[in-house]
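Some notes on the structure that comes next.
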Amino acid sequence: MKTLFFSAKPYEKQFFNHHNTHHNLELEYLDTHLGPHIVNAVDENTFAVCVFVNDRLTPEVIEALAAKGVKVIALRCAGFNNVHLDTARQQGIRVCRVPAYSPEAVAEHAVAMLLTLNRKTHKAYNRVREQNFSLNGLLGFNLYGKTVGVIGTGKIGRAFARIMLGFGCKVLAYDLYPDEGLAQLGVTYAPFETVLQQADILSLHCPLTPDNRYLISENTLGMMKKGVTIINTSRGGLINTKDAIEALKTGKIAYLGIDVYEQEEKLFFHDLSGAIIEDDMIQRLMSFPNVLVTGHQAFLTNEALAQIADTTLSSIAAFAAGETPAADRILV
Ligand code: NAI
């Protein structure tokens with residue numbers, strides 16, 4: 001009864017192996033991502049597959065897993081837009097995730113991206129290494145006093161909003177379910193359009209769902225201030241990249257920081273330094289001096305990886321023992 005990992009990276013294996021000393025599960029790691037091409041690697045001894053954000057669990061893949069006798073799909077992440085839950089339900093496969101793992105890790109990365117862009121430290125770093133100490137072109141702007149729009153005030157959005165309040169920003173937020181505690185701290189909830197119209201900085205912290213794909217597109221960009229800064233650490237599909245590129249060209253978007261990208265599966269988590277990248281959109285994005293791209297690393301802290309390993313393995317162990325993990329971990 002083994003657990004087969006897909007998209008496994010060396011930096012996470014050490015955390016899983018360490019936390020497995022409490023569970024004694026049989027763990028096997030594959031570095032390839034899960035998709036129709038690799039489903040044959042799953043054998044009849046596989047109780048659970050453990051997957052990450054860019055593994056594709058389409059109906060076809062889930063049906064093939066069920067035919068092999070797989071009982072559990074364990075997502076070692078929070079988002080689950082890459083899993084066809086209805087098929088899992090039909091096939092009798094349980095699906096669990098890690099609902100929370102250091103939301104501060106992601107919120108702090110969003111802040112890091114914002115501070116890099118507004119003070120141009122990415123340019124300064126390279127410049128000083130070349131012994132160029134000129135300040136021309138490094139003019140930034142203060143965060144203090146700016147209006148920050150937060151879309152989605154769940155665990156990560158809340159952590160981000162609190163940090164922004166600490167910077168002396170005015171924080172406006174939109175969520176389908178406003179958080180009373182956050183409002184008491186000084187965050188003002190407003191309709192989505194109002195947040196877009198008033199924000200100097202907009203940070204996305206809602207999940208990607210079938211309803212909010214391309215939340216940021218030509219139409220919504222049209223409502224924003226000229227010179228807006230946008231940060232996305234949530235999911236790439238929330239932004240229409242083509243429209244964002246046009247808005248960068250006109251100066252509508254002054255700064256863009258993205259840790260996620262709508263076509264990231266073929267790029268992120270791989271070393272492509274010797275390859276020719278065929279995706280022209282990401283190449284265009286990376287050519288802008290006012291765009292910062294990181295490769296889905298917002299979660300990558302010691303604290304978050306320890307929690308991911310602990311939660312994932314204890315959920316699998318519970319299923320294996322015929323028990324049910326905590327309700328907030330279960331999707332199916
Ligand atoms: P959460 O479930 O605690 O909060 C999400 C919030 O978004 C909820 O309050 C919900 O009501 C709200 N929401 C849902 N649809 C919305 C919409 N259309 N407009 C406005 N608000 C909406 O989730 P959490 O833990 O805060 O994570 C947020 C997202 O961050 C995840 O779904 C995931 O996509 C992303 N993420 C990214 C990571 C990275 O490394 N870059 C790591 C972890 C999560």
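The values are calculated or read from the model by the stated rules, or taken from the named source; none is laboratory data. If you're wondering where the values come from, they're calculated on a predicted model, not measured in any experiment. All Cβ positions, even for glycine, are placed from backbone atoms using ideal geometry, and neighbour counts span all protein chains on display.
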Problem set entry | Qualifying positions in the range 239-264 - within 18 Å of residue 222 (Cβ to Cβ), among the charged types (D, E, K, R) and touching a helix residue (DSSP H, G or I) at 6+ places or on another chain (Cβ under 9 Å) | 242, 243, 246, 252
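Tell me the residue from 165, 114, 85 that is more than 30 Å from residue 313 (Cα to Cα) and touching a residue at least 60 places away in the same chain (Cβ under 8 Å), please.
On the way: 165 fails: touching a residue at least 60 places away in the same chain (Cβ under 8 Å); 85 fails: more than 30 Å from residue 313 (Cα to Cα).
Going through 165, 114, 85 in turn, just one is more than 30 Å from residue 313 (Cα to Cα) and touching a residue at least 60 places away in the same chain (Cβ under 8 Å): 114.
Can you go through 61, 42, 111, 72 and tell me which one is of a type in the set (A, V, I, L, M), surrounded by 15 or more Cβ atoms within 10 Å (Cβ to Cβ) and under 30 Å from residue 256 (Cα atoms)? Walk me through how you get there before you give the answer.
On the way: 61 fails: under 30 Å from residue 256 (Cα atoms); 42 fails: under 30 Å from residue 256 (Cα atoms); 72 fails: under 30 Å from residue 256 (Cα atoms).
Among 61, 42, 111, 72, only 111 is of a type in the set (A, V, I, L, M), surrounded by 15 or more Cβ atoms within 10 Å (Cβ to Cβ) and under 30 Å from residue 256 (Cα atoms).
Yes or no: residue 237 in contact with an Asp or Glu (Cβ under 6 Å, 6 or more places away or on another chain), in the same structural domain as residue 107 (by TED's automatic domain parsing) and within 14 Å of the ligand (Cβ to nearest atom)?
Numbers: in contact with an Asp or Glu (Cβ under 6 Å, 6 or more places away or on another chain): yes; in the same structural domain as residue 107 (by TED's automatic domain parsing): yes; within 14 Å of the ligand (Cβ to nearest atom): yes.
In short, yes.
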For this session: Would you tally the residues in the range 204-255 being part of a strand (DSSP E or B) and of a type in the set (Val, Ile, Thr)?
Result: 7
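For the range 286-313, name all the residues that are part of a helix (DSSP H, G or I) and surrounded by 18 or more Cβ atoms within 10 Å (Cβ to Cβ).
First, pick out the residues of the range 286-313 that are part of a helix (DSSP H, G or I): 286-287, 302-313.
304, 305, 307, 308, 309, 310, 311, 312, 313 - these are the residues of the range 286-313 that are part of a helix (DSSP H, G or I) and surrounded by 18 or more Cβ atoms within 10 Å (Cβ to Cβ).
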